[in-house]
Amino acid sequence: MELAYYSDYAVRLVNTEEPARNKDALTSVEVIRELFGPATQMARRATDSDVTRFRSVRARLRAVFTAADEGDHTGAVDLLNSLLLEFPVSPQISGHDTLDEEGRPRWHMHLADHPSNATAGYAAIAAMGLAFHLTEFGADRLGLCQAPPCRNAYLDTSTNRSRRYCSDRCATRANVAAYRARKRLEAERPDPAAHTGLTDENSQESTTPGDR
């Protein structure tokens, strides 16, 4: 499994909550198991007590994205390092599940399952995946959606570091809102032509008595 894949663990967990809308989808063991995706071995270890622990890890991961989004890259790294220290991983070389054209294993790095509990396993993988993404592409590639009230996390993989929204839907919504705002300003702005016409009329009235 490619290490880049693991960074999505952090995004998926952070986006189970919408703070501005007071919504939280992380309410059951079933949700936790869905977050693991194909990592069924770890998912089976999830229990009710993991819900609270997952929420705690989620808050710390969101703090990483928030610091990066605000330009505090050192702060983001410090927060991420604290997660890496608390939830270490065991990297292993794997290749048993993919073969090349000649039938040989396609060797790649794999993050082994954490031995203690579901939260520790997920946190370890999410933090390490995010760390690889940050060191490979930069802390400014970690962002929070700029379309209010959405503040979903995202990883910017654009070629020109231009991403500002978590999805096409939010980008469209933000563009429509900006367009409507411009139209409102244009409607409220005084008409220069009307103002000029009034000035000319006043000017003619003021000079007429002198001409007589």
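Report every pair of residues separated by at least 6 positions or lying on different chains whose Cβ atoms are under 9 Å apart, first residue within the stretch 76-88 and under 13 Å from ALA123 (Cβ atoms) and among the polar types (S, T, N, Q), second open to solvent by 20 Å² or more (accessible area, probe 1.4 Å) and modelled with pLDDT of 95 or more.
Close Cβ pairs satisfying both conditions: SER82/ARG60.
Of the residues ILE93, ILE125, which single one is at pLDDT 75 or above, within 23 Å of ASP69 (Cα to Cα) and among the β-branched types (Val, Ile, Thr)?
Working: ILE93 fails: within 23 Å of ASP69 (Cα to Cα).
On inspection, the qualifying residue turns out to be ILE125.
If only one of VAL11, VAL57, VAL51 is touching a residue at least 40 places away in the same chain (Cβ under 8 Å) and farther than 22 Å from PRO149 by Cβ, which one is it? Step through it out loud before you land on a result.
Numbers: VAL11 fails: farther than 22 Å from PRO149 by Cβ; VAL51 fails: touching a residue at least 40 places away in the same chain (Cβ under 8 Å).
Checking each option against the conditions leaves just VAL57.
Could you tell me which of the residues LEU85, LEU61 is among the aliphatic types (A, V, I, L, M), assigned to a helix (DSSP H, G or I) and open to solvent by less than 70 Å² (accessible area, probe 1.4 Å)?
LEU61
Just checking, how many residues over the stretch 38-55 are out of contact with any helix residue (DSSP H, G or I) (no Cβ under 8 Å at 6 or more places or on another chain) and closer than 20 Å to ASN152 by Cβ?
Number of matching residues: 1.
Only residues that are assigned to a loop (DSSP other than H, G, I, E, B) and hydroxyl-bearing (Ser, Thr, Tyr): list them for the stretch 8-41, please. Working first, answer last.
Of all residues in the stretch 8-41, those assigned to a loop (DSSP other than H, G, I, E, B) come to 15-16, 22, 25-28, 37-39.
Result: THR16, THR27, SER28.
The values are calculated or read from the model by the stated rules, or taken from the named source; none is laboratory data. Quick caveat: nothing in here was measured; it's all calculated off a predicted structure. Backbone-built Cβ (ideal geometry, glycine too); neighbour counts: all protein chains shown. Quick note on the areas: whole protein, heavy atoms, side chains included, nothing else; ligands and nucleic acids left out. Shrake-Rupley method; radii C 1.70, N 1.55, O 1.52, S 1.80 Å.
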